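Colleague: My questions all concern the structure below.
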């Protein structure tokens with residue numbers, strides 16, 4: 001590779017070749033018999049070559065920062081480059097709001113990338129360490145709104161939801177006024193979104209929110225009435241009742257009343273609830289009947305329900 | 001795809017696909033630049049599951065050497081012993097850290113050790129004590145693990161890798177087992193299965209990591225009977241025709257292993273409708289290039305190919321007798337596991 005190639009690669013990503021003229025690239029030495037060798041595009045090879053030399057010298061300058069910007073666009077999973085960049089942000093005293101903007105622009109195409117979400121958390125931690133007056137336009141609510149924006153692109157994104165939970169937990173943001181309406185918005189958008197139900201559980205099932213728990217039982221019931229075979233609210237209902245030291249027996253009337261729902265007879269979730277209640281009440285015959293029904297209505301789990309029937313009869 | 005091709009698992013096509021990964025990857029694979037060791041694992045273990053390891057007999061030695069070239073050696077007072085994902089930040093030919101940013105990564109250490117064992121290496125070049133020392137550094141107060149001493153996120157994935165590594169080096173000195181088990185138990189969600197951490201959503205991948213870690217660390221008995229029952233029910237409920245990873249999500253080939261192996265470890269692999277699983281997997285099969293994909297409308301990749309095959313190997317009763325069965329906790333073939341056991345027996349004598 002000659003200087004012209006290097007210059008071309010730099011210019012192609014909008015970097016000034018003159019800035020790097022004194023840097024001798026360290027090209028990738030993959031050994032005599034590389035395994036899973038990647039046929040890197042020339043541009044990537046050049047940029048990595050320059051970065052290697054600068055990292056070897058531990059140079060922490062603007063030109064290295066710019067290189068990491070371009071490289072992370074090509075390979076957002078390069079965790080070493082992310083760590084190096086996090087150091088650079090401190091050393092160069094970069095504006096963290098600008099960095100967040102840039103991170104978000106990368107996120108839209110890389111929503112399932114662990115490093116991007118972790119980088120966001122690193123930035124948030126640094127911003128929260130500063131006094132409020134030094135955070136620029138950043139606020140916790142703004143950060144949560146950013147998560148909601150990203151969720152619009154991928155409503156069940158595990159990283160986004162985990163990040164939100166992480167923010168609330170780490171920075172003790174449970175009393176944010178906007179959260180309950182956020183939850184409602186997400187549920188209204190998709191009542192089958194299991195991630196929202198999990199978030200709901202995280203948000204409401206703390207001791208401090210005990211007075212809300214009865215309402216949460218009602219929330220689950222409403223959702224079940226809308227879509228009887230939706231696994232999410234049934235699991236939520238069981239979870240909330242358990243927190244209240246109770247179980248499905250306390251909502252037996254509700255479960256029975258669902259028989260008027262046109263989809264009940266064919267609903268595996270409904271029959272599971274009936275099975276569970278029968279077991280809890282020690283009504284073996286009814287439990288076996290429910291398990292038998294599940295063998296027909298939930299056929300893909302035939303062996304499971306058959307095993308269950310045998311187990312009940314054995315007791 | 002024509003029905004004819006949907007009916008059978010194209011063993012030789014998948015073997016070609018996996019072998020090709022070892023030989024060259026396109027430029028678009030640059031995002032895998034620092035994870036090549038895991039790609040080698042998917043390929044080598046996949047070939048083992050397909051009973052086609054002989055296809056790389058001539059490469060066996062050089063693959064082993066390449067993996068060892070990613071081993072960072074260090075002194076007893078340093079904590080950087082372990083495997084990198086690739087040579088991308090290896091700046092010279094020394095076996096020591098080649099710069100202050102040259103760190104091993106716990107997933108790469110697990111997959112490197114697994115690949116070496118599958119290829120018949122005896123791990124005599126591995127210093128178990130130094131691996132344990134490095135691992136201790138990665139465990140956090142809450143019992144979870146980070147992947148590297150440089151920092152980064154911590155969750156169930158890396159805890160699993162740590163647990164698996166203890167099996168390969170036959171020593172638990174690198175883990176505070178009690179803390180690790182506590183992290184796992186604390187990650188049991190109201191749904192009855194495991195999230196990546198406390199309060200996080202139950203998920204097929206983290207459920208596998210949790211259950212396998214408990215199994216490897218001797219902690220499965222910490223789950224009372226009724227919790228095992230809820231866990232089993234959650235897992236079997238994830239079958240649509242293939243497996244989904246969370247309620248109300250689409251099916252995805254990789255959960256064949258994550259959930260199939262979990263149910264295997266819990267003794268309920270016979271409650272899965274395996275013919276339906278295979279039917280789904282075959283719709284993701286690419287009859288031209290070989291390989292399996294996440295779903296039928298996407299291109300195959302090494303991870304889904306390997307996890308689809310290793311998952312299928314667990315079928316009860318056996319569906320595809322051409323496949324080698326994997327050990328569900330370590331995700332290497334039973335044959336490879338036997339070799340590992342013989343290494344440990346030799347070390348003891």
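The values are calculated or read from the model by the stated rules, or taken from the named source; none is laboratory data. A quick note: this is a predicted structure, and the numbers were derived from the prediction, not measured. Positions of Cβ are backbone-derived with ideal geometry, glycine not excepted, and every protein chain shown enters the neighbour counts.
Colleague: Looking at B:194, B:145, which is the one that is surrounded by 23 or more Cβ atoms within 10 Å (Cβ to Cβ) and more than 25 Å from residue B:115 (Cα to Cα)?
Modeller: Residue meeting the stated conditions: B:194.
Colleague: Have a look at B:174, B:134 and point out the one that is touching a residue at least 24 places away in the same chain (Cβ under 8 Å) and outside any helix (DSSP H, G or I).
Modeller: After applying the criteria, what remains is B:174.
Colleague: When residue A:80 is evaluated against the numbered criteria (1) part of a helix (DSSP H, G or I); (2) within 23 Å of residue A:132 (Cα to Cα), which criterion, by number, is the only one it fails?
Modeller: Only one criterion in (1) part of a helix (DSSP H, G or I); (2) within 23 Å of residue A:132 (Cα to Cα) is unmet by residue A:80, namely (2).
Colleague: Scan the range B:70-88 for residues that are out of contact with any strand residue (DSSP E or B) (no Cβ under 7 Å at 6 or more places or on another chain) and away from chain A (no Cβ under 14 Å) and report the count.
Modeller: Summing the residues that are out of contact with any strand residue (DSSP E or B) (no Cβ under 7 Å at 6 or more places or on another chain) and away from chain A (no Cβ under 14 Å) in the range B:70-88 gives 7.
Colleague: Looking at (1) loosely packed, with under 15 Cβ neighbours inside 10 Å; (2) more than 22 Å from residue A:213 (Cα to Cα); (3) touching a helix residue (DSSP H, G or I) at 6+ places or on another chain (Cβ under 8 Å), which is the one condition that is false for residue A:138?
Modeller: (1)
Colleague: Okay, moving on. Which one of these is closer than 25 Å to residue B:22 by Cβ, out of contact with any strand residue (DSSP E or B) (no Cβ under 9 Å at 6 or more places or on another chain) and at pLDDT 95 or above: B:67, B:63?
Modeller: B:63
Colleague: Related question: Could you run through the range A:83-100 and say how many residues are assigned to a helix (DSSP H, G or I) and within 21 Å of residue A:140 (Cβ to Cβ)?
Modeller: The number of residues fulfilling the criteria is 7.
Colleague: Could you tell me which numbered condition residue A:27 fails, if it satisfies all but one of (1) within 13 Å of another protein chain (Cβ to nearest Cβ); (2) surrounded by 15 or more Cβ atoms within 10 Å (Cβ to Cβ)?
Modeller: If we test residue A:27 against (1) within 13 Å of another protein chain (Cβ to nearest Cβ); (2) surrounded by 15 or more Cβ atoms within 10 Å (Cβ to Cβ), just (2) comes out false.
Colleague: Give the residue that is farthest from residue B:105 (Cα to Cα), with candidates limited to residues of the range A:79-113 that are within 11 Å of another protein chain (Cβ to nearest Cβ) and touching a helix residue (DSSP H, G or I) at 6+ places or on another chain (Cβ under 7 Å).
Modeller: Only one residue fits best here, namely A:110.
Colleague: Also: Consider residue B:236 against the criteria (1) more than 11 Å from chain A (Cβ to nearest Cβ); (2) within 23 Å of residue B:325 (Cβ to Cβ): it satisfies all of them except one. Which criterion is unmet?
Modeller: So residue B:236 meets the others, but not (1).
Colleague: Evaluate the following for residue B:78: is it free of Cβ contacts under 8 Å to residues at least 60 places away in the same chain and assigned to a loop (DSSP other than H, G, I, E, B)?
Modeller: Yes, satisfied.
Colleague: Looking at B:48, B:57, B:33, B:102 in this structure, which one is more than 28 Å from residue A:78 (Cα to Cα), touching a helix residue (DSSP H, G or I) at 6+ places or on another chain (Cβ under 7 Å) and either free of Cβ contacts under 8 Å to residues at least 24 places away in the same chain or buried (at least 20 other Cβ atoms within 10 Å of the Cβ) (or both)?
Modeller: Residue meeting the stated conditions: B:48.
Colleague: Of the conditions (1) under 21 Å from the mean Cα position of the chain (by Cα); (2) over 23 Å from residue B:158 (Cβ atoms); (3) part of a helix (DSSP H, G or I), residue B:275 clears all except one; give me its number.
Modeller: Failing condition for residue B:275: (1).
Colleague: When residues of the range B:8-30 are filtered for being without any contact (Cβ under 8 Å) to a residue 40 or more places away in the chain, in contact with a helix residue (DSSP H, G or I) (Cβ under 7 Å, 6 or more places away or on another chain) and either more than 7 Å from chain A (Cβ to nearest Cβ) or surrounded by fewer than 17 Cβ atoms within 10 Å (Cβ to Cβ) (or both), how many remain?
Modeller: Adding up the residues that qualify gives 1.
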